[in-house]
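Mind having a look at this structure? Questions to follow.
The values are calculated or read from the model by the stated rules, or taken from the named source; none is laboratory data. The shown structure was predicted, so the numbers you read here are calculated from the model rather than taken from an experiment. When we count neighbours, we look across all protein chains shown, and the Cβ atoms used for this are built from the backbone with ideal geometry, even at glycine. Side chains are part of the model used for accessible areas, which takes the heavy atoms of the whole protein and leaves out ligands, DNA and RNA. Shrake-Rupley method; radii C 1.70, N 1.55, O 1.52, S 1.80 Å.
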Amino acid sequence: MASTFRAGSAARAFLGRRSILPFRTTQLLARQLSTTAPRFQSIPLRIDGTGTGTLQKVTIEGKPYQFTADTYTLLGGQDSAPSPVSYSLASLSSCNQVTGHVVARDHGITLGKWQVTVNGLLPTAVLVNGEQGNPNWESVSLELRVQTDIEGGSESAKFRHFVSEVERRCPITQLFKLSGVKYSSSWANEPLEGGK
């Protein structure tokens with residue numbers, strides 16, 4: 001079972017400066033400040049972006065890949081790459097699948113193909129016109145179809161528990177839900193291709 005690391009305010013302030021410490025030192029310090037077991041307490045992540053105008057190249061420290069973000073012409077971009085808001089919905093889609101894999105592994109469930117559709121409605125009055133208010137998504141909905149070895153269809157107790165655990169444990173789902181956005185999801189349990 002994964003542990004959660006919660007440091008006090010002094011520890012958070014110190015760890016907030018971890019970019020100046022070597023990764024291993026930071027990891028050891030985090031473990032010393034924690035009262036939980038060291039298994040997967042946290043995943044350190046550093047993102048760096050460079051660019052001009054609305055185009056940005058994003059790199060992830062220690063990884064060989066990168067991606068580019070731009071924005072819609074309405075916002076002065078060239079629409080030459082996905083926008084940050086598109087990436088936010090894509091992260092919601094993929095994080096549910098990754099978390100589903102972890103939950104399935106923990107519960108002995110076999111998964112097959114995933115099909116995920118995310119729809120979002122983003123008001124632009126604050127972002128584009130500078131009006132007062134919250135520039136957050138107005139609504140976000142997910143439609144997920146996943147092949148499993150769980151019998152009984154989408155309403156089976158085991159599948160409903162799987163869905164509940166995925167949504168509870170998915171950091172991006174929780175980020176959206178806790179932001180106050182009108183959030184909904186619909187999950188369908190489909191049989192594995194080729195049977196069990």
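For segment 55-69, which positions are open to solvent by 60 Å² or more (accessible area, probe 1.4 Å), on the phi < 0 side of the Ramachandran plot and not acidic (Asp, Glu)?
Hits for segment 55-69 are LEU55, GLN56, LYS57, LYS63, PRO64, TYR65, GLN66, PHE67.
Would you mind telling me which numbered condition in (1) open to solvent by 40 Å² or more (accessible area, probe 1.4 Å); (2) assigned to a helix (DSSP H, G or I) GLU151 fails?
(2)
Return the residues of segment 70-87 that are in contact (Cβ under 8 Å) with a residue 12 or more places away in the chain and open to solvent by 60 Å² or more (accessible area, probe 1.4 Å); say none if nothing qualifies.
Correct list: LEU74, LEU75, GLN78, SER80, PRO82, PRO84, TYR87.
Just one of VAL102, VAL85 is under 21 Å from LEU192 (Cα atoms) and among the β-branched types (Val, Ile, Thr); which is it?
Just one listed residue meets the conditions, VAL102.
Listed residues ALA104, ALA90; which is out of contact with any strand residue (DSSP E or B) (no Cβ under 6 Å at 6 or more places or on another chain) and either under 30 Å from TRP187 (Cα atoms) or open to solvent by less than 80 Å² (accessible area, probe 1.4 Å) (or both)? Before you say what the answer is, go through the steps one by one.
Numbers: ALA104 fails: out of contact with any strand residue (DSSP E or B) (no Cβ under 6 Å at 6 or more places or on another chain).
Matching residue, one of ALA104, ALA90: ALA90.
Out of LEU127, LEU175, LEU142, report the one residue that is open to solvent by 50 Å² or more (accessible area, probe 1.4 Å), within 30 Å of GLY76 (Cα to Cα), touching a residue at least 24 places away in the same chain (Cβ under 8 Å) and not aromatic (Phe, Trp, Tyr).
Exactly one residue qualifies, and that residue is LEU127.
Another question, then. Return a yes/no flag: does segment 168-191 have any residue that is of a type in the set (Gly, Ala, Ser), within 19 Å of SER94 (Cα to Cα) and touching a helix residue (DSSP H, G or I) at 6+ places or on another chain (Cβ under 8 Å).
yes
Please verify whether segment 154-169 includes one or more residues that are under 18 Å from ASN136 (Cβ atoms), touching a Gly at 6+ places or on another chain (Cβ under 9 Å) and touching a residue at least 24 places away in the same chain (Cβ under 8 Å).
no
In the set SER184, SER141, SER94, which member is of a type in the set (Gly, Ala, Ser) and assigned to a helix (DSSP H, G or I)?
Result: SER94 is the single residue among SER184, SER141, SER94 that is of a type in the set (Gly, Ala, Ser) and assigned to a helix (DSSP H, G or I).
Take VAL116 and decide whether it is at pLDDT 95 or above, open to solvent by 70 Å² or more (accessible area, probe 1.4 Å) and either under 16 Å from the mean Cα position of the chain (by Cα) or of a type outside the set (D, E, K, R) (or both). If you could, list the steps in order and put the result at the bottom.
Values: at pLDDT 95 or above: yes; open to solvent by 70 Å² or more (accessible area, probe 1.4 Å): no; either under 16 Å from the mean Cα position of the chain (by Cα) or of a type outside the set (D, E, K, R) (or both): yes.
No, not satisfied.
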